[in-house]
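Structure first, commentary second.
Readers should treat all values here as calculations from the given coordinates under stated rules, not as data from a laboratory. Just so it is clear, the structure is predicted and the values come from calculations on it, not from any experiment. Cβ coordinates were reconstructed from backbone atoms using ideal geometry, including for glycine residues, and neighbour counts include every protein chain displayed.
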Amino acid sequence: MAKTYITEYADYRAGLPFGGPIAEQGAITNSGTSQQSDAFNANTQFIRVHSNGIISYKVGKSPTATAADSMRIPADGTVDLAVQPGDKIAIITNAT
């Protein structure tokens, strides 16, 4: 079963997370229903999202991801995102 991994960082320099992770959330099992992560740490400014399956995602205070309208990450894709402390990421399996 495909999973998505979320790692939180306080700093980002020269196109890479800097200073090591400040939190690593447990893997979220991808499904056809939008699922939210835990709220990001008070010091989190950036997250790295990696999924071994195709997903769509949305970030916010109480986000809901949709396969039709949310940003997409391909299988085995990784994306770095600037976020606000306390926000969450929602993910949903995207079949295309």
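Results, tabulated for the structure shown:
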| item | result |
| --- | --- |
| Amide proton proximity set for residue 12, modelled H, under 5 Å, gap of 5+ | 18 |
| Inter-label distance for residue 18 and residue 1, nm, one decimal - labels placed 7 Å from Cα along Cα-to-Cβ | 3.9 |
| Pairwise FRET efficiency - residue 36 versus residue 96, Cβ, R0 = 25 Å, nearest 0.05 | 0.65 |
| Straight-distance crosslink candidates among lysines, where the alpha carbon sits under 21 Å from residue 3 and sequence neighbours closer than 8 are dropped | 58, 88 |
| Around residue 9: net Lys/Arg minus Asp/Glu count, Cβ-Cβ under 12 Å | -2 |
| Rounded to the nearest 20 debye, dipole of the chain from Cβ charges on Lys, Arg, Asp, Glu | 140 |
| Lys, Arg +1 and Asp, Glu -1 on Cβ, resulting dipole of the stretch 54-96 about Cα centre, debye, nearest 20 | 140 |
| 17 Å cut-off, amide nitrogen to a point 7 angstrom out along residue 69 Cα→Cβ, residues in the stretch 21-43 | 33-35 |
| Integer Hz, Karplus 6.51/-1.76/1.60 couplings in order for the stretch 33-44, x for Gly and Pro | 10, 4, 10, 9, 6, 6, 5, 6, 3, 4, 9, 6 |
| Cβ-based net charge around residue 54, under 10 Å, with every Lys or Arg adding one and every Asp or Glu removing one | 0 |
| Dipole of the stretch 3-93, positive end: most advanced residue of 56, 12, 46 [Cβ charges, Cα centre] | 56 |
| Integer Hz, Karplus 6.51/-1.76/1.60 couplings in order for the stretch 78-95, x for Gly and Pro | 10, 9, 9, 10, 7, 9, 9, x, x, 5, 9, 10, 10, 10, 8, 4, 10, 7 |
| The chain - Rg (one decimal) and Dmax (whole number), Cα, Å | 12.4, 36 |
